[in-house]
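Colleague: Handing you this structure, nothing more for now.
The values are calculated or read from the model by the stated rules, or taken from the named source; none is laboratory data. Predicted, not measured: the structure shown is a model, and the values here were computed from it. Using ideal geometry, Cβ is built from the backbone for each residue, glycine included, and neighbour counts are taken over all protein chains shown.
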Amino acid sequence: MVDLSLVTDLSRAWIAPAFIFAIVALGLNLQWGHTGLFNAGVAGFFGIGAYIGAIFTTPAIGPGPGGPGHLGLVSLFAIFTPYTVLVGFLVGGIAAMVVSGLVGLLIAIPTLRLRADYLAIATLALGAIAVESIRNSDPVTGGVYGILRIPRPWEFGQDVWRTELAFAITAGVIVLLVFFLIQRATRAPWGRALKAIREDEDAALALGKNTYFLKLQAFVIGAALMGGAGALFASLLRVAVPDSFTPALTFSIWTMVIVGGSGNNKGVIVGAFALTFLEYFTLRAKDWFNLSSFWDIRIFYLRLIAIGLLLIALILFRPAGLVPEPRKVTKKPWILFGRR
Amino acid sequence: MVVQFLFNGLVQASIVILGAIGINLLYGVKKFANFAHGDMMTLGAYFTFVFLGGTRDLLTAAIWAVFVVALAGVVQEVLIYARLENRGPVAPLVASIGVSLVMQNSLTTYFGPAFLSYGIRYPDNWVFFGGAISNTPIRDLVPMAVAASATTATVVLLKYTKLGKAMRATADNRDLARVSGVNTRVVYWMTWILAGVLASLSGSVLGVSVGTLAPSMGATLLLTMFAAVIVGGIGSTTGAILGSLVVGLSQSLFFLVSLVSGLDPRWQIAVPFALLVATLLVKPTGLVGRPIGGEIRPLRTEIAEMLKGIRRGLF
């Protein structure tokens, strides 16, 4: 007999978040790893997606003593009766991707034509502003109180479907789908054009590629993936509060991508699992090692110090990541000399 | 009333100026955007707190803190950024994110996440111009005085000393400066020292002005400082000063507008961001624009390019 409580705990606090962060990391990898676009506002796109998803799956709450209330659109889908939440979840996920993508488009249009660090500064600002806007839009997002009691997609089903494991598997299936699509896209001529931009934009331009538009596509698709993952994340946590989407989240996702080897889609998923395990470890370390309350509070910050040191060390010594992007060298070099 | 708001804007701007000049110096000489600059300010504020315990004198404590933060800057340069010299603008940027995480969370681990305070008793308000401006001398006038004198000193240093000349030469063309006999390594160290000094002063002044210290105090100002740098024109000290004034004053004017129009004053935080995006849209080189590496095509061309791409099919 398997210890079910351990499975539940692992899937809730490690596997499911790891899958969700893997989607975000795949999106960032498309932007940074494949195209070389620096996005420092990951948490903003993720947060926008989380709130859009939450609004589509929860009923509206008016202002009251428990908080300012928030918008809720789930009643729109009441005609699908037992599947109301699932339909809301699907629509919300798509809406989250669309809105995040649009926000990404709006910030990318003025900044993509400038040097890489302009995009970094603008997206850093965007991430901060997105979270502040969510915090300030009381009647829509619940302000600092956030949105509570966000349902899971499978709540109409039997007990088995309501388990944490079922949700983790759902997230896993989505990751597989996203991974497959991204792997296909980045191996296709489209993805090779993106890599050409990353290596030398002027050369790609000279070869007749519309580099601005290609960069825009990569950025918007990446942002949309982050938004979609946000919708899943809200459903996983069952709450959406503005404080979940701090710059620290952005930077740990950066570490996932860099640990995994930017440009390497498989490595990035491994990185997501590794970094999320670190987080799981710090969450459970209190119970495992009988930490005093002093260290119990501080282990969270120690984790962020570790991430920072890891980031510096990787940039200094292993810039290609622990699992570097495989080099694409043709096995038939003679095709370069005209023989087919 | 309006005068009072403008005055408050100047106080806000004077804190931003000190950080923005540092970011700009580092951007000019080291060619990267330092995401850890806000945390260097926090470091200065916290070390002022530490030394305040020993000296019981804010000025002495702030000066001791200046040494620590300048040293921290040089240590970063030697350990990290000197090794990333020829790796483009993004590698040092990512490293500075790591530095930021380490600094901010080390401070939180040591001092705890709660607020600290210098424990200054603020004297009663002084009133100027028949009540047009009322302020607390320590909270409002000290930041302005510190910012004004430090900014003047920096401008003089950059403009009239041999070191300043060497720094400007390195910023313009590192290799040319090197063959002309400028010791660029020393220039890098001095740039870090100067940026560290300004960041530390800015942090101490921020702590005095806000009244409380938090581990995230500098990081929350980072966005405002970057907005000031970009609005003014990246890589130019005059630009940083002008940009900080524009950002600080428009933030306090927004308060005034929100009072009159009933707009939620909490949206004030969006003002720097709006200015930043507007600058990038209209004049990416900023107010005092120097060319920023590579040709910048007008937005019209880029959007036409995008529409052309969409017409031809998305992928």
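Colleague: Considering (1) within 24 Å of B:Leu163 (Cα to Cα); (2) away from chain A (no Cβ under 13 Å), say which one B:Gly235 fails and leave the rest.
Modeller: (2)
Colleague: Among residues belonging to the range A:258-298 that are surrounded by 15 or more Cβ atoms within 10 Å (Cβ to Cβ), among the hydroxyl-bearing types (Ser, Thr, Tyr) and within 14 Å of another protein chain (Cβ to nearest Cβ), point out the one that is farthest from A:Phe179 (Cα to Cα).
Modeller: Within the range A:258-298, the match that is farthest from A:Phe179 (Cα to Cα) is A:Thr282.
Colleague: Would you point out the residue of the range B:69-90, among those that are touching a residue at least 12 places away in the same chain (Cβ under 8 Å) and small (Gly, Ala, Ser), that is farthest from the other protein chains (Cβ to nearest Cβ)?
Modeller: Out of the qualifying residues, it is B:Ala70.
Colleague: Just name the residue that is surrounded by the fewest Cβ atoms within 10 Å (Cβ to Cβ) out of those in the range B:101-115 that are closer than 10 Å to A:Tyr301 by Cβ and without any contact (Cβ under 8 Å) to a residue 12 or more places away in the chain.
Modeller: Taking the candidates together, the pick is B:Tyr110.
Colleague: Tell me, yes or no, whether the range A:65-80 has at least one residue that is at pLDDT below 85, hydroxyl-bearing (Ser, Thr, Tyr) and surrounded by fewer than 24 Cβ atoms within 10 Å (Cβ to Cβ).
Modeller: yes
Colleague: Would you be able to say whether some residue in the range A:249-257 is away from chain B (no Cβ under 14 Å), touching a residue at least 12 places away in the same chain (Cβ under 8 Å) and farther than 26 Å from A:Ala193 by Cβ?
Modeller: No, every residue in the range A:249-257 fails to be away from chain B (no Cβ under 14 Å), touching a residue at least 12 places away in the same chain (Cβ under 8 Å) and farther than 26 Å from A:Ala193 by Cβ.
Colleague: So, in the range B:231-255, of the ones that are within 30 Å of B:Arg121 (Cβ to Cβ), over 11 Å from the mean Cα position of the chain (by Cα) and at pLDDT 90 or above, which residue ends up surrounded by the fewest Cβ atoms within 10 Å (Cβ to Cβ)?
Modeller: Result: B:Leu249.
Colleague: State whether one or more residues within the range A:165-176 are in a helix (DSSP H, G or I), more than 12 Å from every other protein chain (Cβ to nearest Cβ) and at pLDDT below 85.
Modeller: Scanning the range A:165-176 turns up no residue that is in a helix (DSSP H, G or I), more than 12 Å from every other protein chain (Cβ to nearest Cβ) and at pLDDT below 85.
Colleague: Next question. Does A:Gly104 satisfy being touching a strand residue (DSSP E or B) at 6+ places or on another chain (Cβ under 9 Å) and crowded, with 18+ Cβ neighbours inside 10 Å?
Modeller: Here the answer is no, as A:Gly104 does not meet what is asked.
Colleague: Let me spell it out: the conditions are (1) within 12 Å of another protein chain (Cβ to nearest Cβ); (2) crowded, with 18+ Cβ neighbours inside 10 Å; (3) in a helix (DSSP H, G or I), and B:Lys308 meets all of them except one. Which number is the exception?
Modeller: (2)
Colleague: Among the numbered criteria (1) more than 28 Å from A:Leu28 (Cα to Cα); (2) of a type in the set (Val, Ile, Thr); (3) out of contact with any helix residue (DSSP H, G or I) (no Cβ under 7 Å at 6 or more places or on another chain), which one does A:Thr84 miss?
Modeller: Result: A:Thr84 passes all but (3).
Colleague: State whether the residues of the range A:69-81 include one that is more than 26 Å from the chain's Cα centre (by Cα), outside any helix (DSSP H, G or I) and farther than 25 Å from A:Ala229 by Cβ.
Modeller: yes
Colleague: Considering each residue of the range A:105-121, count those that are under 16 Å from B:Ile23 (Cα atoms) and touching a residue at least 60 places away in the same chain (Cβ under 8 Å), and give that number.
Modeller: So the count comes out to 3.
Colleague: Looking at the range B:195-203, can you tell me whether even one residue there is crowded, with 24+ Cβ neighbours inside 10 Å and within 14 Å of chain A (Cβ to nearest Cβ)?
Modeller: Looking for residues that are crowded, with 24+ Cβ neighbours inside 10 Å and within 14 Å of chain A (Cβ to nearest Cβ), one finds none in the range B:195-203, hence no.
Colleague: Sort out which residues of the range B:266-285 are farther than 16 Å from B:Gly233 by Cβ, within 17 Å of the chain's Cα centre (by Cα) and within 7 Å of chain A (Cβ to nearest Cβ), and write them in order of number.
Modeller: Answer for the range B:266-285, where residues must be farther than 16 Å from B:Gly233 by Cβ, within 17 Å of the chain's Cα centre (by Cα) and within 7 Å of chain A (Cβ to nearest Cβ): B:Ile269, B:Phe273.
Colleague: Then there's this: When you scan the range A:232-340 for helices (runs of 4 or more DSSP H) that lie fully inside it, which ones turn up with 2 or more residues that are at pLDDT below 85 and over 15 Å from the mean Cα position of the chain (by Cα)?
Modeller: Correct list: A:265-289, A:293-317.
Colleague: What residue, among those in the range A:127-149 that are at the interface with chain B (Cβ under 7 Å from one of its Cβ atoms) and aliphatic (A, V, I, L, M), is surrounded by the most Cβ atoms within 10 Å (Cβ to Cβ)?
Modeller: Taking the candidates together, the pick is A:Ala128.
Colleague: Would you check if B:Leu259 is free of Cβ contacts under 8 Å to residues at least 24 places away in the same chain and either in a loop (DSSP other than H, G, I, E, B) or over 16 Å from B:Val155 (Cα atoms) (or both)?
Modeller: Yes: the conditions hold for B:Leu259.
Colleague: Looking only at residues in the range B:100-112 that are within 21 Å of the chain's Cα centre (by Cα), of a type in the set (A, V, I, L, M, F, W, C) and more than 7 Å from every other protein chain (Cβ to nearest Cβ), which one is farthest from A:Val257 (Cα to Cα)?
Modeller: Per the criteria, the residue is B:Leu107.
Colleague: When you scan the range A:6-14, do you find a residue that is within 14 Å of another protein chain (Cβ to nearest Cβ), assigned to a helix (DSSP H, G or I) and either within 30 Å of A:Ile182 (Cβ to Cβ) or polar (S, T, N, Q) (or both), even just one?
Modeller: Checking the range A:6-14: not a single residue is within 14 Å of another protein chain (Cβ to nearest Cβ), assigned to a helix (DSSP H, G or I) and either within 30 Å of A:Ile182 (Cβ to Cβ) or polar (S, T, N, Q) (or both).
Colleague: So B:Thr184 passes all but one of these: (1) without any contact (Cβ under 8 Å) to a residue 60 or more places away in the chain; (2) within 14 Å of chain A (Cβ to nearest Cβ). Which condition number does it fail?
Modeller: Going through the list (1) without any contact (Cβ under 8 Å) to a residue 60 or more places away in the chain; (2) within 14 Å of chain A (Cβ to nearest Cβ), B:Thr184 breaks only (2).
Colleague: If you check A:Ile23, A:Ile55, A:Ile94, which single one turns out to be closer than 24 Å to A:Ile107 by Cβ, at pLDDT 85 or above and surrounded by fewer than 24 Cβ atoms within 10 Å (Cβ to Cβ)?
Modeller: A:Ile94
Colleague: Filter the range A:195-216 for residues that are within 18 Å of B:Lys308 (Cβ to Cβ) and within 26 Å of the chain's Cα centre (by Cα) and give the result.
Modeller: A:Ile197, A:Thr211, A:Tyr212, A:Phe213, A:Leu214, A:Lys215, A:Leu216
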